[in-house]
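What follows is a short report on a single structure.
The values are calculated or read from the model by the stated rules, or taken from the named source; none is laboratory data. Here the structure is a predicted model, which is why all the values come from computation and not from measurement. Methodologically, a virtual Cβ is constructed for each residue, glycine included, from the backbone with ideal geometry; neighbour enumeration extends over all protein chains shown. Quick note on the areas: whole protein, heavy atoms, side chains included, nothing else; ligands and nucleic acids left out. Shrake-Rupley method; radii C 1.70, N 1.55, O 1.52, S 1.80 Å.
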Amino acid sequence: MDETCVTPDLQGIPQPRVSESRRIFKVMFSRWVVIIGAVIILLLILTAIFAPLLTPYEPNKVKLEDSLQQPSSQHLLGTDLYGRDVLTRILYGSRIAIIVGVVAVTASGAFGMFLGLLAGYFGGWVETIIMRITDALMALPPLVLMLAIAVMLGGGVPTVLLALGVALMPTYSRLMCGQVLAAKENDYVMAAKVVGAGNIRVMFRHLVPNVFPPLLVLITLDLGFAILTEASLSFLGIGINPPTATWGAMVSDGQRYLLTHPVLSFTPGLAIVLVVLGFNLVGDGLRDALDPRLRGRI
Amino acid sequence: MPPLLEVKNLKVTFDTMAGVVKAVDGISYHIDEEEVVGLVGESGCGKSVSQLATIQLIPTPPGHIAGGEVIFEGQDLLKYKADSNQMRSVRGAKISMIFQEPMTSLNPVFSIGDQITETISLHLKLNHQDAQQRAIELLEQVGIPDAAMRINNYPHQFSGGMRQRAMIAMALACHPKLVIADEPTTALDVTTQAQVLEVMMEMVKKIHNSLIIVTHNLGIVARYAQRIYVMYAGRIVEAGTSDDVFRDPRHPYTIALLKSVPRLDEPRGRQLVPILGLPPNLINLPPVCAFKARCSWAGQCKKETDPDLRQVGDNHFVRCHIDTKGELSGILQR
Amino acid sequence: MASFIVRRLIQAVIVIFLVTIISFLLLHIIPGDPVIRVLGMHASQAQVAQLRHELGLDMPIYMQYGNWILNLFHGDFGKSFIYHEDVAKLILERFPVTFYLTFLALTISTIIGIMAGVISGVKRGTFIDSFITLFANIGVAVPTFWLGLLGIYLFGLQLGWLPVEGWTSPLDDFWQSTRQVIMPVAALAVPNIAIVARQTRSSMLETIHQDYIRTATSKGLAQNVVFYKHALRNALIPVVTLLGVTVAFLIGGEVLTETVFNIPGIGRLLVRAALDNDYLIVQGIILIVGVIVVFTNLFVDITYGWIDPRIRYR
């Protein structure tokens, strides 16, 4: 197998039968850390959906007379420079987090897998070109690459999504390409070909259950990574424009008042940590559940 | 003379998601000095697990040594902790093991020489020069050409048969009293199998160690072993000398096994008779005869209980209620 | 081994070529007219035409690319719009700073990360494993910039132990430089320690289940020897191969720490250039970073071949 299409820590996951998925869920959630992660994700989703119900304040409404208040019973986390309630902005920030995460990962995943499929199926030149492009994209740190794209195209949500998509795409192409190559070399594909079955169909039947587990793990972990990277971008002032409430920008805005109002910077950061942690815990739990060797029982 | 190794009622279990598996359910056997004993049975019958358990190589979790004694040179090895000095001084030096898969059983990042000298230095306290010299001699003895040069090669540079020979050399490096060969030839092609077995037997002649051969291949043990134990579902179902077991098998399983294997000296055209059915699930085994479901004599068997080992000859024992009257005796002549 | 190196070298060249294309294309994906973007809406026709000519935008695209590559080889990355200096000079001035910090963070985080991962893997299921795993899980989720601010608040503003920003060359004043460098390096290193520890741990766990570990134990070797000699060497192989990705990751984090701690490195230059639409600087930095990572990967692959005998003797 060509050494190009290898994702080191994901290829080792064996293919479970579909009927095993229930058992896998059971194993996954038998560990309390995974449950905590899942709860966090659930909270994130609920917060994003029900944000208006959770707070009486508007996230973007400027009220200068309330500017820079310390935490109180009225404003649990205080207010920022423009008099906006910090807790409210954090709650609404969850919407950006989810949208960015889900859209970027979905798009990059779909596109990346497609490219990987082409590369693996056709092999030869196609594979080389696609894989080298992947290498080139991976040679750039995601943040740097996204910075460049965001700069050139101007800020805003679509740009950030595009930049994220481009940065995340390579891992999916690699994964898919590797799976396709492995499926191609599988004996039963050859056997089917001998009998005359179309090898596309045979490969797909083998491909889908095989690629699904590592794909799921990758998606979960990438969701956390996407949120983290978008936050970094917003922190730098590039990316999603104000006044939209995004956690990264909030941390940046609070910098100036670090000494007097640490809450402004630290609480949105805490939100980021929590959310990313949630996705990581679930992603790890999934990966461990799919790999029987890493558990203490057979 | 007391036996070199005497195992009494060894039990090994594994925790699994589906329940506790009784991989080894109370086996007892012994081996004397300079004896070759065969342990046969199909995959999953517990033969490999039992041997790993004697030198405490079972990963615990999920495995457990649930009972029994392993008396070696007068001491019960199971009384020692797995990573104790006593246990470690036995492994490699007094009891060593040869494993089934030579490619994965050798560390890919160290040279063959390093891996052999490692055990020599550990147990025999030789300096590097002498250890190296001894390793080269060992490799020559097991038939590896250009030993002095090949000692610096890595496992992936050896062929399958040569790797297994290197494993044999490594196992015998410190002249252990007992060598356990766990399916030593299963991963090799037939011609290489014969060569590797010959090498093993030659070493036995030179070093005078005892040898336990664990295998599912009856042909190997028929030729080389003096005594045979037949295992099924974690128990020993028949035990006897090689002659006993091959010429006068008494357990339905042994008889069925022999019927299912072709022989060069029998009339052509004899039907191979496979054993119908599957081995039992080792979780929650009911207290009945484990082989009954597949037994050709089941109709004659009136007892519902689990049989004990019954003596049917000088050194011949069988775990069965009925007397099969040596149905195959006479058929299998040497 | 030689053929292996040659193959990797060719691959690296192709990838670098593609990186240049990506870097080049960046300037050309700008919607609208980049020249007007830079000069503003009120620029005169003559100014626009002149800048366009300076940037070579009036030539067909493949000629632009050719020219650009040619210029690169002469060390000409263009002139910054804002600073009015050679981009190459600007980058070169700041390069040592970034290199110093990144190198420190890389070394520290790799060593600590591997140690933590090994201990965690060997002592799996014990309290220390849980502790390390918990720390690693959190460490991966923590944004570098937030960690930096936390440090500034705690150690700078509240406790007053460390300076909150600034840079002094270690060659000028080693002690002051070190005091200034502790927090940025720590902020950069912590997430990486977590990543390396996790990777090492899972690699160790996988290695420990291999057959040759059982063989080593069967020879009578002590558990410590089995783990730290037989298992570790194999377990580290996949960790080493991640070095290229690690460098890329650290450079990304470096951008953040330089901004938070106001350190005059390439990261801060990049951010400022990005905010000021100083395209040529962004383009130049992309190129340099990409090339650095590609070479790091190449170096790693060759080293990997040396560590793993199976590749060496192919």
request  = Helix by helix through chain A, keep the DSSP H runs that span 15 Å or more along the axis on Cα and average at least -1.0 on Kyte-Doolittle, and give those back in order.
outcome  = A:32-54, A:86-122, A:124-139, A:142-153, A:157-185, A:199-236, A:262-290
request  = May I ask you to derive the relative contact order of chain A, considering only C-alpha pairs under 8 Å and at least 6 residues apart, and to give it as an integer percent?
outcome  = 27
query = Which shape class, rounded, prolate or oblate, goes with segment B:220-272 when its Cα gyration tensor gives a ≥ b ≥ c as root eigenvalues, a/c under 1.5 marks rounded, and past that a/b bigger than b/c marks prolate?
reply = oblate
query = Share of Cα-Cα pairs in segment B:232-318 beyond 15 Å, in percent?
reply = 64
task = Note down, for segment B:5-225, the three equivalent ellipsoid semi-axes (square root of 5 times each alpha carbon gyration tensor eigenvalue), biggest first, whole angstrom.
result = 28, 20, 17
query = Residue farthest toward the positive end of the dipole of chain C, with Cβ of Lys/Arg at +1 and Asp/Glu at -1: which of C:Val226, C:Ile14, C:Trp175?
reply = C:Val226
message = Based on Cα coordinates alone, diagonalise the gyration tensor for segment C:227-270, multiply each eigenvalue by 5, take square roots, and list the semi-axes in whole Å, largest first.
response = 34, 10, 6
query = Straight-line reach from B:Lys8: which aspartates and glutamates have Cα under 15 Å away, leaving out those fewer than 8 places along the same chain?
reply = B:Asp25, B:Asp32, B:Glu69, B:Glu73, B:Asp76, B:Asp308
request  = Could you look at segment B:18-161 and say what percent of its accessible area is carbon and sulfur, using a 1.4 Å probe and all protein chains?
outcome  = 49
query = To one decimal place, what Kirkwood hydrodynamic radius in Å is obtained for chain C from all pairs of distinct Cα atoms?
reply = 22.4
note = Largest-first ranking of A:Leu64, C:Leu270 by accessible area, probe 1.4 Å, whole protein assembly kept, is A:Leu64, C:Leu270
task = Would you mind telling me the share, in percent, of accessible area of segment C:139-272 contributed by carbon and sulfur at probe 1.4 angstrom?
result = 63
note = Gyration tensor (Cα only) of chain A to equivalent ellipsoid, semi-axes in Å sorted down, yields 42, 23, 14
request  = For the protein assembly as shown, just say rounded, prolate or oblate: build the C-alpha gyration tensor, square-root its eigenvalues into a ≥ b ≥ c, call rounded for a/c under 1.5, and beyond that prolate if a/b exceeds b/c, oblate if not.
outcome  = prolate
remark   = Computed over chain C: longest principal axis from alpha-carbon atoms vs helix C:87-122 long axis, angle to nearest 10 degrees, is 20
inquiry  = Quick test of the membrane-span-like rule: which DSSP H helices of chain B reach at least 24 Å along their long axis (C-alpha atoms) with mean Kyte hydropathy at least 0.5?
reply    = B:190-207
request  = Measure nothing fancy, just the Cα-based angle from helix C:243-261's long axis to the longest principal axis of chain C, in degrees from 0 to 90, nearest 10.
outcome  = 60
query = Could you name the aspartates and glutamates in cross-link range of B:Lys259, using Cα to Cα under 19 Å and dropping any fewer than eight places away on the same chain?
reply = B:Glu42, B:Glu238, B:Asp243, B:Asp244, B:Asp248, B:Asp323, B:Glu327
note = Among B:Gly161, B:Met200, B:Tyr29, the residue whose Cα sits farthest towards the positive end of the charge dipole of chain B, when +1 is placed on the Cβ of each Lys and Arg and -1 on the Cβ of each Asp and Glu, is B:Tyr29
remark   = If each part is reduced to its alpha-carbon centroid, segment A:54-111 and segment B:265-306 end up apart, in Å, by 72
ask   = aspartates and glutamates near A:Lys61 by alpha-carbon distance under 20 Å, same-chain residues fewer than 8 away left out - which ones?
value = A:Asp80, A:Asp85, A:Asp253
request  = Pull up all non-local amide H partners of B:Leu5: gap of 5 or more, or a different chain, and H-to-H distance under 5 Å with H placed in the peptide plane.
outcome  = B:Ile31
ask   = About its Cα centre, how strong a charge dipole does chain A have in debye, to the nearest 20, once Lys and Arg get +1 and Asp and Glu get -1 at the Cβ?
value = 820
key: Total accessible area lost when A and C pair, probe 1.4 Å, Å² to nearest 100   = 4500
query = Build a GNM of chain B with springs between Cα atoms under 10 Å: which of B:Pro102, B:Pro145, B:Pro155 gets the top mean-square fluctuation?
reply = B:Pro145
ask   = Per residue, how much accessible area does segment B:5-225 have with a 1.4 Å probe, in Å²?
value = 38
note = When every protein chain stays in place and a 1.4 Å probe is rolled, B:Ser210, A:Ser21 sorted by accessible area with the largest first are A:Ser21, B:Ser210
task = Treating only the Cβ atoms of Lys and Arg (+1) and Asp and Glu (-1) as charged, compute the dipole magnitude of segment B:232-318 about its Cα centre; round to the nearest 20 debye.
result = 380
ask   = Dipole size in debye (nearest 20) for the protein assembly as shown around its Cα centre, Lys and Arg Cβ +1, Asp and Glu Cβ -1?
value = 1940
task = Considering only B:Gln56, B:Gln271, B:Gln141, give the residue with the highest GNM mean-square fluctuation for chain B, with springs between Cα atoms whenever their separation is below 10 Å.
result = B:Gln271
Solvent exposure, largest accessible area first (probe 1.4 Å, DNA, RNA and ligands not counted), of B:Arg268, C:Arg214 = B:Arg268, C:Arg214
